[in-house]
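Asker: What follows is a structure written as structure tokens; I'll ask about it next.
The values are calculated or read from the model by the stated rules, or taken from the named source; none is laboratory data. Predicted model, so just to flag it, every value in this text is computed and none were measured. All Cβ positions, even for glycine, are placed from backbone atoms using ideal geometry, and neighbour counts span all protein chains on display.
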Amino acid sequence: MDLFADSTPEARAAWLRTELERLNHAYYVLDAPLVPDAEYDRLFQELTALETQFPQLKTADSPTQRVGGQALEAFASVRHVVPMLSIRTETDTTEGGALAFDARVKRELGASWAGEIDYAAELKFDGLAMSLRYENGVLVQAATRGDGEVGEDVTHNVRTIREIPLRLSGAHPPVLEVRGEIYMRRDDFDRMNQQQRDLGEKTFVNPRNAAAGSVRQLDPAMAARRPLSFFAYGLGEVKTTAQGWAVPSTHSALLDALAKMGLPVCEHRCVSLGVQGLIDFHQRIAKLRDSLPFDIDGVVYKVNDFDLQQRLGFVTREPRWAVAHKYPAQEQITTVQAIEVQVGRTGKLTPVARLEPVFVGGVTVTNATLHNEDEVQRKDVRVGDQVIVRRAGDVIPEVVSVLLERRTPEVAAQAPWKLAPSLQHACPVCGSEIVREEGEADWRCTGGLFCAAQRKQAILHFAQRRAMDIEGLGEKLVDQLVEEGLVNTLPDLYKLGVLKLAALERMAEKSALNVLEALEKSKSAALPRFIFGLGIRHVGEATAKDLARHFGTLDRVMNASEAQLLEVNDVGPVVAQSIHTFFAQPHNREVVEQLRAAGVTWAEGDGAIGNQPRPLIGKTLVLTGTLPTLSRDEAKDMIEAAGGKVAGSVSKKTDYVVAGAEAGSKLEKAQQLGVTILDEVGLMTLLSNATE
Ligand code: IVH
């Protein structure tokens, strides 16, 4: 990958030092990383290994000899009375990581220690470290980590973060420095980047980078517009009084205490006597990682008891009592093999990079979205480029940036990529004209349902789990059904017979029967699923639910005027117009009538929504932990069908908390506030009373 890979050790070490320094500067000072962390780590580890093998190569200015970045001149410096340390990382990403840590802790405690160790485990948030100083309960200073000894005063920006209390509640000591992580939620990040894109401004590479850039904004008004969040995970300087608040004796109790003071503490944490609980935690969080609303790059294990922590002490800048246990990186480098254009359900044309396969965020990725033409041009992505690919959460992988300094002369000689010329203004699927309206970022195919790509997407949308839930009707099958001309419109689905289906490639009679069974089952879907499945522009799941709830029957939705539609919760003029236009089209009404004729009934009166009594109206419920049989989505659907609202956090306004296994701080909060707590059976009872 880099050009000097097989030079002499001296030359290689020198190159690595310069390269790492350059990457460091970009990361810490410019807030604009040039390569993914995994690449930085790889080079760093290579240099460390070289220096271990050839100690004479170690220089005082080697990046291995210092930790962290340097303070920006524009901010005042803050000297940390208690230094902000870093954590050692276990390189083994399997259970070996936890085992190695446990073995080391025991060895370092020596023969005087017998038995298992009490550990605390939590998430390793992917943001930037922050120290919040409270004096007499009032936030007086916020400082970044800087080089660990001296950071930057960013109080003015941190004050704008709503989650951070400006005043602590309850008992607290006269001086308390809270250490934690500033981060940006993924949905906030996506929204912010979309706004930047709409404004034609620079987008951020990832949430961590966006958080770091926002905190170090010189203009607090600008910072205030950036959606930042915070989790507390430790302490800096503390001054207590003889009678007042005392530092708890364990880390887990400390986090509880910080939460009581009003500081955000993440609910995903546990304590464990012995190493097995750490292994379990690592595995459990690995499964949860994609569905968390924010990025993590691993978990952190800490010796829970503060006395033991003190006995263990530090090596250079890293405590012996804590370790980070990582997960596969969510960003990697790979090569663009081609740029193709995909046609979506509404005709939107999306450029997609075909990639040399690369393992990112736990899966092998071969395609990544490039969003739209402007985005390709802004990032200047070209075929043959090395790019950073990111896959975080359940989202589609995306190309975040090009490694311009690695671009070859051949690629540099190419003209920048353009959508329309590369397609001669015709849809790549149906050949219809493509257009880009003024002020719009997207090109669209004008072919409508004439376009096979749009037909396929419409069918997949209808069949998806959150809509009609037709199991087995996936991309491969829909491709064949449309290409063979077996399905042109949604009602055609219900005319399929076993012989035609079984004759398709990779379809045995058994799987054909399964699909028919799933189709049969879908005939009695709930009304909101049906409305959502129709694929009306701007009508997502939530709007579909609101419409079903408000009107009760499909006919009433279909015949509603724009004014009547505007009366629905959360429906504005754009959505109302879109719904009205959709049902004004004779062919759309035709589709609905044909579906009805095929036997689709969408359970209006009974089932989820409609005329049933809905006594959870006005009630707010919070779900936490894992329920024995219901998924989150199912529980939420049932509660909403009964008229209730599902909220994300517990407050005095919460009526019920439904708690399952491994419920965390939400359950505790409910107990503190005296909110009624239900298990799954309790919830079912509540719902069945509701329908009686
Ligand atoms: S504890 C003495 N806990 O990881 C230990 N750090 O290299 C101090 N981080 O820059 C850190 N999540 O910003 C700790 N739950 C967590 C963390 C965490 C993320 C970051 C922290 C620091 C880096 C440590």
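Asker: Looking only at the stretch 126-145, which residues are in contact with a His (Cβ under 9 Å, 6 or more places away or on another chain), in a strand (DSSP E or B) and more than 16 Å from the ligand (Cβ to nearest atom)?
Answerer: TYR134
Asker: Read through the list (1) closer than 22 Å to ALA641 by Cα; (2) assigned to a helix (DSSP H, G or I); (3) without any contact (Cβ under 8 Å) to a residue 40 or more places away in the chain; (4) not hydrophobic (A, V, I, L, M, F, W, C), then give the number of the only condition that LYS510 fails.
Answerer: Evaluating LYS510 over (1) closer than 22 Å to ALA641 by Cα; (2) assigned to a helix (DSSP H, G or I); (3) without any contact (Cβ under 8 Å) to a residue 40 or more places away in the chain; (4) not hydrophobic (A, V, I, L, M, F, W, C) leaves (1) as the failure.
Asker: Further question on the same structure: Looking at the structure I just gave you, is VAL343 hydrophobic (A, V, I, L, M, F, W, C) and in contact with a Cys (Cβ under 9 Å, 6 or more places away or on another chain)?
Answerer: When the stated conditions are applied, VAL343 passes them.
Asker: If I ask for residues that are of a type outside the set (A, V, I, L, M) and closer than 15 Å to LEU258 by Cα, which ones from the stretch 137-149 would you list?
Answerer: Scanning the stretch 137-149 gives a single hit, GLY137.
Asker: Is there any pair with a first residue in the stretch 112-133 that is among the aromatic types (Phe, Trp, Tyr) and a second that is modelled with pLDDT of 95 or more and more than 9 Å from the ligand (Cβ to nearest atom) whose Cβ atoms are under 6 Å apart and which are 6 or more apart or on different chains, and what are they?
Answerer: Taking only residues 6 or more apart or on different chains, the pairs are TYR119/SER272; TYR119/LEU278; TYR119/TYR301; TYR119/ASN304.
Asker: Suppose the filter is within 21 Å of ALA212 (Cβ to Cβ), of a type in the set (Gly, Ala, Ser) and surrounded by 21 or more Cβ atoms within 10 Å (Cβ to Cβ); does ALA76 pass it?
Answerer: On the way: within 21 Å of ALA212 (Cβ to Cβ): yes; of a type in the set (Gly, Ala, Ser): yes; surrounded by 21 or more Cβ atoms within 10 Å (Cβ to Cβ): no.
Taking the combined requirement at face value, the residue does not satisfy it.
Asker: Can you spot a residue in the stretch 152-159 that is hydroxyl-bearing (Ser, Thr, Tyr), over 22 Å from GLY298 (Cα atoms), away from the ligand (no atom under 16 Å from the Cβ) and crowded, with 16+ Cβ neighbours inside 10 Å?
Answerer: Yes; the residues of the stretch 152-159 include at least one that is hydroxyl-bearing (Ser, Thr, Tyr), over 22 Å from GLY298 (Cα atoms), away from the ligand (no atom under 16 Å from the Cβ) and crowded, with 16+ Cβ neighbours inside 10 Å.
Asker: So the check is Cβ under 7 Å with 6+ separation or different chains; which pairs have a first residue in the stretch 80-104 that's in a helix (DSSP H, G or I) and a second one that's surrounded by fewer than 17 Cβ atoms within 10 Å (Cβ to Cβ) and of a type in the set (Asp, Glu)?
Answerer: Qualifying pairs under 7 Å: ALA100/ASP92.
Asker: Sort out which residues of the stretch 522-578 are part of a helix (DSSP H, G or I), of a type outside the set (A, V, I, L, M, F, W, C) and without any contact (Cβ under 8 Å) to a residue 24 or more places away in the chain, and write them in order of number. Spell out how you get there, then give the answer.
Answerer: Quick first cut of the stretch 522-578, residues part of a helix (DSSP H, G or I) only: 522, 527-533, 541-551, 554-558, 562-566, 573-578.
Then keep just the ones that are of a type outside the set (A, V, I, L, M, F, W, C); that gives 522, 528-529, 533, 541, 543, 545-546, 549-550, 555-556, 562, 564, 573, 577-578.
Passing the criteria: HIS550, ASP555, ARG556, GLU562, GLN564, PRO573, GLN577.
Asker: Where residues in the stretch 91-117 are at pLDDT 90 or above and within 16 Å of the ligand (Cβ to nearest atom), which of them is nearest to PHE281 (Cα to Cα)?
Answerer: Of everything passing the filter in the stretch 91-117, ALA98 is nearest to PHE281 (Cα to Cα).
Condition check ((1) touching a Cys at 6+ places or on another chain (Cβ under 8 Å); (2) surrounded by 14 or more Cβ atoms within 10 Å (Cβ to Cβ); (3) modelled with pLDDT of 95 or more; (4) over 26 Å from VAL574 (Cα atoms)) across all residues:
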{"residue": "ALA463", "(1), (2), (3), (4)": "no, yes, yes, no"}
{"residue": "VAL482", "(1), (2), (3), (4)": "no, yes, no, yes"}
{"residue": "GLU505", "(1), (2), (3), (4)": "no, no, no, yes"}
{"residue": "SER511", "(1), (2), (3), (4)": "no, yes, no, yes"}
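Asker: Here are some residues: VAL238, VAL275, VAL315, VAL265. Which one is within 15 Å of the ligand (Cβ to nearest atom) and either under 28 Å from the mean Cα position of the chain (by Cα) or under 16 Å from GLU122 (Cα atoms) (or both)?
Answerer: Checking each option against the conditions leaves just VAL265.
Asker: What strands (runs of 3 or more DSSP E) lie completely within the stretch 231-348 and have 1 or more residues being loosely packed, with under 15 Cβ neighbours inside 10 Å? Walk me through it before giving the result.
Answerer: On the way: elements: 270-273, 296-303, 322-326, 331-343.
By residue number, 270-273, 331-343.
Asker: Looking at the stretch 94-110 only, could you name the residues that are under 33 Å from the mean Cα position of the chain (by Cα) and among the acidic types (Asp, Glu)?
Answerer: GLU95, ASP102, listed by residue number.
Asker: So, in the stretch 466-506, how many residues would count as being without any contact (Cβ under 8 Å) to a residue 40 or more places away in the chain and in a loop (DSSP other than H, G, I, E, B)?
Answerer: Residues that pass the stated criteria total 12.
Asker: Same structure, new question: Looking at the stretch 305-319, I want the residues that are touching a residue at least 12 places away in the same chain (Cβ under 8 Å) and among the charged types (D, E, K, R) and have a partner that is assigned to a loop (DSSP other than H, G, I, E, B) and within 12 Å of the ligand (Cβ to nearest atom) with Cβ atoms under 8 Å, at least 6 apart or on another chain. Which pairs are those?
Answerer: Between residues of the stretch 305-319 that are touching a residue at least 12 places away in the same chain (Cβ under 8 Å) and among the charged types (D, E, K, R) and residues that are assigned to a loop (DSSP other than H, G, I, E, B) and within 12 Å of the ligand (Cβ to nearest atom), the close pairs are ARG317/VAL67; ARG317/PRO83; ARG317/LEU85; ARG317/SER86; ARG317/GLY148; GLU318/LEU85; GLU318/SER86; GLU318/ILE87.
Asker: Six or more apart or on different chains, Cβ under 7 Å: which pairs go from a residue in the stretch 224-238 that's among the acidic types (Asp, Glu) to one that's outside any strand (DSSP E or B) and away from the ligand (no atom under 14 Å from the Cβ)? Could you list them?
Answerer: Hits for this filter: GLU237/VAL81.
Asker: Scan the stretch 532-557 for residues that are surrounded by fewer than 17 Cβ atoms within 10 Å (Cβ to Cβ) and within 29 Å of the chain's Cα centre (by Cα) and jot them down. Steps first, please.
Answerer: First, pick out the residues of the stretch 532-557 that are surrounded by fewer than 17 Cβ atoms within 10 Å (Cβ to Cβ): 537-538, 540-542, 553, 555-556.
Residues satisfying the conditions are ARG537, HIS538, GLY540, GLU541, ALA542.
Asker: Restricted to the stretch 200-230, and to residues that are assigned to a loop (DSSP other than H, G, I, E, B) and within 16 Å of the ligand (Cβ to nearest atom), which residue is nearest to GLY180 (Cα to Cα)?
Answerer: Checked the stretch 200-230; the qualifying residue nearest to GLY180 (Cα to Cα) is LEU228.
Asker: Exactly one of (1) among the β-branched types (Val, Ile, Thr); (2) away from the ligand (no atom under 13 Å from the Cβ); (3) in contact with a strand residue (DSSP E or B) (Cβ under 7 Å, 6 or more places away or on another chain) is unmet by ILE87. Its number?
Answerer: (2)
Asker: Quick one: in the stretch 164-193, which of the residues that are part of a loop (DSSP other than H, G, I, E, B) and within 16 Å of the ligand (Cβ to nearest atom) is modelled with the lowest pLDDT?
Answerer: My answer is ILE164.
Asker: I would also like to ask the following. Could we say that GLY344 is within 16 Å of the ligand (Cβ to nearest atom), touching a residue at least 60 places away in the same chain (Cβ under 8 Å) and touching a Ser or Thr at 6+ places or on another chain (Cβ under 9 Å) here? Write out each step before concluding.
Answerer: Numbers: within 16 Å of the ligand (Cβ to nearest atom): no; touching a residue at least 60 places away in the same chain (Cβ under 8 Å): yes; touching a Ser or Thr at 6+ places or on another chain (Cβ under 9 Å): yes.
When the stated conditions are applied, GLY344 does not pass them.
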